[in-house]
Amino acid sequence: MARNHRRPSPTTELDLSRYRPNVGVVLARSDGKVWLGRRADVAGPANWQFPQGGVDAGETLEQAALRELAEETGVTSAQIIGQTDDWLAYAFPRGHAGAKVARGWIGQKQKWFAARFLGEDAEINLAAHHHIEFDAWRWADLEETPELVVSFKQATYRKVVEAFRPLLLGAA
């Protein structure tokens, strides 16, 4: 008798209890180009990323995604069109410092959301929130994004690209 053997996803093998709950947003125009911000606090060429952030007490993951998008980009003209099924996790690299590590987190587990941008570029305001995450932004090809982020996030970005490629680009 044949059995259907499913390989567990990488995150099901991890104890995610020490990974900070987080959301990420891939904001896409109708032509499939995606929004990338250049991290204000990271030097070097691999300092671009999608908006992402923590989940506040009492909010749903979708609410957190839309809040983070508005805080980091100023964008409120967006509609959620998809999300990843599973948590995607990455560990902070050895020697990584900061408040998240100080609070005992060893990495971040993320639910990712695809959102369609319904506004105009003039809506984008990197100073929309008191804590500025990005100092520049641009529209990019979805496929190039894993190579533009810090190395410890690249595997996660490849999974995000794979998950959202059919939705955003109409490719199989």
(Q) Need one number: % antiparallel among DSSP beta bridges in the chain, to the nearest 5. (A) 70
(Q) Give me 153, 159 sorted ascending by neighbouring Cβ count inside 10 Å, so fewest comes first. (A) 159, 153
Q: Just report the Cα centroid separation between the stretch 16-91 and the stretch 145-170, whole Å.
A: 12
Q: Using only the Cα atoms of the stretch 17-169, construct the convex hull and provide its projected area averaged over every direction, in square nanometres to one decimal.
A: 8.7
Q. Taking θ as phi - 60°, what are the ³J(HN,Hα) couplings along the stretch 61-67 by the Karplus curve (6.51, -1.76, 1.60), each to the nearest whole Hz, with x for Gly and Pro?
A. 4, 5, 4, 4, 4, 5, 5
Q | For the stretch 17-169, with +1 on Lys and Arg beta carbons and -1 on Asp and Glu, the positive-most of 60, 79, 122 along the dipole | A | 60
Q) Over the chain, what relative contact order in percent results from Cα pairs under 8 Å that are six or more residues apart? A) 32
Q: Work out, step by step, the length gained on full extension between residue 121 and residue 41: first 0.36 nm times the residue separation, then minus their alpha carbon distance; give nm to one decimal.
A: 26.5 nm
Q: In whole Hz, with x marking every Gly and Pro, tabulate ³J(HN,Hα) for the stretch 126-139 from phi via Karplus 6.51 cos²θ - 1.76 cosθ + 1.60, θ = phi - 60°.
A: 5, 9, 5, 10, 5, 9, 7, 8, 10, 10, 7, 8, 7, 8
Q: Below 16 Å Cα-Cα, how many Lys pairs turn up in the chain? Only count pairs eight or more apart in sequence, or on different chains, if you could.
A: 6
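A short reminder: the numbers here are calculations on the coordinates, not readings from a lab. Computed from a predicted model, the values in this text were never measured in an experiment. Every residue, glycine among them, receives a Cβ derived from its backbone with ideal geometry; neighbour counts consider all protein chains shown.
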